[in-house]
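For reference, the structure discussed in these notes is given below.
The values are calculated or read from the model by the stated rules, or taken from the named source; none is laboratory data. Please read all numbers here as calculations on a predicted model, not as lab measurements. Neighbour counts run over all protein chains shown; Cβ positions are idealised from the backbone, glycine included.
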Amino acid sequence: MDMEDKYEELDEETLFIVSQTFKALGDPTRIKILHLLFNQEYSVNDIAETLKLRQSTVSHQLRFLKNLRLVKNRREGTTIYYSHDDEHVMTVLNQTIQHALHT
């Protein structure tokens, strides 16, 4: 190991964010929502209908994901549309799905 490759300890805030991100990815409902948002934005109603979930469940999970900056939203009239907000996390999610499908 070169001196340039010296280990740098992660600060507490970074550790917290990383652990919360993995917590987000550890929930099947949140995985479904993020997977749905991979290529297209959806309203809460559309997410609920597509995934056969209650609107209140979807809203709760989107709030959790938004607080972690994993999803973002935009308003169009009275409708709020959600989309993913972090290519890094979406790449990790996609690679993990591909790993699970790999036989």
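For segment 77-93, a residue qualifies if it is surrounded by 13 or more Cβ atoms within 10 Å (Cβ to Cβ), of a type outside the set (D, E, K, R) and closer than 16 Å to LYS23 by Cα, and the qualifying residues are VAL89, MET90, VAL92, LEU93. Kindly provide the set of residues from segment 65-90 that are farther than 14 Å from LEU37 by Cβ and assigned to a helix (DSSP H, G or I), ordered by number. Matches in segment 65-90: ASN67, HIS88. Of all residues in segment 26-79, exactly one satisfies the criterion of being of a type in the set (Gly, Ala, Ser) and within 21 Å of THR91 (Cβ to Cβ), namely GLY26. Scanning for something touching a Leu at 6+ places or on another chain (Cβ under 7 Å), at pLDDT 95 or above and in a helix (DSSP H, G or I), does segment 50-61 turn up at least one residue? Yes, segment 50-61 contains a residue that is touching a Leu at 6+ places or on another chain (Cβ under 7 Å), at pLDDT 95 or above and in a helix (DSSP H, G or I). Pairs are defined by a Cβ separation below 7 Å, a sequence spacing of at least 6 or placement on different chains, a first member in segment 11-24 that is part of a helix (DSSP H, G or I), and a second member that is surrounded by 12 or more Cβ atoms within 10 Å (Cβ to Cβ); the pairs so defined are GLN20/LEU68; THR21/LEU68; THR21/VAL89; ALA24/ARG30; ALA24/PHE64; ALA24/LEU65; ALA24/LEU68; ALA24/LEU70. Among the residues of segment 31-61, those identified as under 24 Å from GLN98 (Cα atoms), aliphatic (A, V, I, L, M) and touching a residue at least 24 places away in the same chain (Cβ under 8 Å) are ILE31, ILE33, LEU34, LEU37, ILE47.
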